[in-house]
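Any read-out appearing in this document is the output of simple, stated calculations on the displayed coordinates, not a laboratory observation. Only a predicted model underlies this, so the values are computations on that prediction, with no experimental measurement involved. A quick note on method: Cβ atoms are made from the backbone with ideal geometry, for glycine too, and the neighbour counts reach across all protein chains shown.
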Amino acid sequence: MYGYWGKVLRINLSKQSYQVEDVPEEVWKKFVGGSAFGAKMLLEETPPKVDPLSEENKIVFAIGIWQSAKNPGSGKWSVVTKSPLTKTFLDSSAGGNFGYDLKKAGYDAIIIEGKSPSPVKITINNKQVKIEDASSLWGKDAMETHNNFKASLDDKRYSIVYIGPAGEMGHPIACIGCDGHSVAGRGGAGAVMGSKNLKAIAILGSKEVPLYEPEKVKSRALELMREFTKRSAEKRKTGTTSAPATFEKVGNLPLKYWVGETWGLSEKISTPYYNEILHTKPTFCANCPYGCHRHIKLEEPVEYAVEGPGPEYETLGLMGGAFLCADLPAIAKANDICNRMGIDTISTGAWFSFLAECYEKKLINEKNTEGIAVNWGDGRVLVQLTEKIAKLEGIGAYFKEGIVGAAKRISPMAEDLIVHVKNLDYPAHDPRCHIAAGLNYATGTRGACHERADAQGFFYPELGMKGPATTMEEVPEYVVHQQNISSLANSLSVCKFILRVPKLSLTEILEILNAATGWNWTIQDLEKAGARGFLVERLINVRDGISRKDDILPKKMTVPAQSGPRKGRVPMPHDKALDEYYNLRKWNENGIPTQEALKEANLEEYLDFLP
């Protein structure tokens, strides 16, 4: 085969052993790689409702065709497992060099199973695989782990994924970091890694996968890299950090934990102020023309001094906008705490913003918070609460079961305040601004996720889409297309920013895929592959008890603003849109895929997984 090795490295930590397995081309044609391949393995190899932190759960690190050459955006990779936060399917993606090096090492995926009796680290150099003691790394923060592991290796080109102390303790929002600047952030994959006593994986490769038309693939990749570097020039100066001010103007910033309407301070957490205060420079993943990550250096105030990866839009949106905090140094410090402990900044910002609303409504008081007055916008409080959440101490311990568990512990009234789907907190994009986002969040296979459909105005002309959805009647079909292509991107393992900023088209994706594999696919084949991956993810959801009852909007999303740019807007009628969405997917009225859906997707082998 071309573009794929057809090789999967399976590592059993219980036995401290590994083996290389052959996977035929038919599997890659059906699932492409990345998240879809991981979903396939999760569905086939884990029992229903498996405890995410048990030995029976598995972790799959997987890539697709995009890493077969120096294609722009090929630093991406997916980790697929069962989430300790949502108790169902989880795919979380990150950048760095790990995905590119995984392909160069001669593998399309790594499956981690079992549990080591003591902390270990894994080193992979082409065919050489070592499982070694990691007791010296256990307990160290994520950045120390990366730096110490890298210093111990004989070649500094290794790419490393790792967890911090939060992953070791089974924190429900523990992340997996990569190469000191990128993070597979959402859903708690780091806790699964920690539950297996796996602290880190280093990988290095020197191989080139065979390509069907190697010169065409390599020359086209180079052409696109040059073109996309030009197109990204202005955006490279800011990354995502110009977004808070831009989004507040259109009503897309989650102000005051989703009840605020105007603020007027978003410029204080946006560029150009951001660049001036934090002294930034872009950080690049493998083969990236854009460089969305920010490296920062903050020296004053001394108590907030930090150097390393800086907060990006989602962090600014939830820690800044949702908490009404314009104290950028405090946000940078809280972001650093999250990076070092290894937890998701989105959920962290949502959680302390939720606490601020509970404090304002007198559902909690200083007895609950150990004397902390949780007032909106206070940077010192933001840092204090981040510390407690990161360590699950004090009021932070309320979140051991996520936002839903915390609300239940606080008060029945608090349950009406939380904004989530399937216990995954909303990212910093408001469905009352972009009407397609609500349906996408509700039906997301890992919970509320803006990365599961680009509902902020992106569209694909090759699919007959003439623009973003502007009416509720247009939303179901728009969301189906968007989710399919997002699934495809996560299976190909191409960075979503490359689709958005320099605007890699489906036609360009198809050109490289066919030249790399010799498959002779069409645009329709691309979307079918994405839809197939999404369907397998939904089968895992259904097996875990997910149905229509879980595809819902939080109460706050049904309340229109009284003023500001989204005055009077709500993403409704949700039930009608959901019915049409299910119909387009060929799922029944309860959100369960039908036999017809599986047969149309060429997934007859999974008919027995239907309830």
### Query
In nm, what is the difference between 0.36 nm times the number of residues separating TYR606 and GLU370 and their Cα-Cα distance?
79.8 nm
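Of LYS40/LYS103; LYS82/LYS207; LYS156/LYS391; LYS7/LYS130, which pairs sit farther than 21 Å apart, going by alpha carbon to alpha carbon?
Details: LYS40/LYS103 19 Å; LYS82/LYS207 31 Å; LYS156/LYS391 32 Å; LYS7/LYS130 18 Å.
Pairs exceeding 21 Å: LYS82/LYS207; LYS156/LYS391.
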### Task
Bin width 5 Å, alpha-carbon pairs only: give the P(r) of segment 263-359 as whole percents, running from 0 to the bin holding the largest distance.
3, 14, 23, 25, 20, 10, 4, 1, 0, 0
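Computed over the Cα atoms of segment 1-122, what is the convex hull's projected area averaged over all directions, in nm²?
Reported value for the Cα convex hull: 7.6 nm².
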#### Entry: Inter-site label distance for ASN520 and LEU222 at 7 Å from Cα along Cβ, in nm
2.9 nm
#### Entry: Separation of alpha-carbon centers, segment 2-57 and segment 496-533, rounded to whole Å
23 Å
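How large is Rg over Rh for segment 35-75, taking Rg from the Cα atoms and Rh as the Kirkwood inverse mean of 1/r across Cα pairs? Spell out each step's value before the answer.
Details: Rg = 13.7 Å, Rh = 12.0 Å.
Here Rg/Rh amounts to 1.14.
Going down the list LYS268/LYS555; LYS268/LYS400; LYS256/LYS333; LYS76/LYS150; LYS496/LYS555, which pairs span over 24 Å between their C-alpha atoms?
Details: LYS268/LYS555 30 Å; LYS268/LYS400 32 Å; LYS256/LYS333 20 Å; LYS76/LYS150 20 Å; LYS496/LYS555 30 Å.
Beyond 24 Å: LYS268/LYS555; LYS268/LYS400; LYS496/LYS555.
Provide, as a two-decimal number, the C-alpha radius of gyration of segment 302-434 over 2.2 N^0.38 Å, N being how many residues it has.
Values: Rg = 13.7 Å, N = 133, 2.2 N^0.38 = 14.1 Å.
So the Cα radius of gyration is 0.97 times the expected 2.2 N^0.38 Å.
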### Message
If you consider only alpha-carbon coordinates, what radius of gyration and Dmax does segment 478-611 have, in Å?
### Response
17.8, 56
### Message
Let me check against my output: what whole-number percent is the relative contact order of segment 435-609, with C-alpha pairs under 8 Å and at least 6 apart?
### Response
23 percent
### Task
Report Rg/Rh for segment 7-204, rounded to two decimals, where Rg is the Cα radius of gyration and Rh the Kirkwood radius.
0.93
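Over segment 7-204, what relative contact order in percent results from Cα pairs under 8 Å that are six or more residues apart? Intermediate results must be reported in sequence, preceding the final value.
Values: 503 pairs, mean separation 45.7, N = 198.
Relative contact order, segment 7-204: 23 percent.
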### Query
If one computes the Cα centroid of segment 114-130 and of segment 262-311, what distance in Å separates the two points?
35 Å
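Considering Cα pairs under 8 angstrom that are at least six residues apart, work out the relative contact order of segment 539-611 and quote it in whole percent. Working shown, then result.
Numbers: 54 pairs, mean separation 21.1, N = 73.
Once normalised by length, the contact order is 29 percent.
Helix-only mean residue ellipticity at 222 nm, the chain, DSSP H runs n ≥ 4 weighted -39,500 (n - 2.57), per residue, nearest 500. What is it?
Computed ellipticity for the chain at 222 nm equals -10500 deg cm²/dmol.
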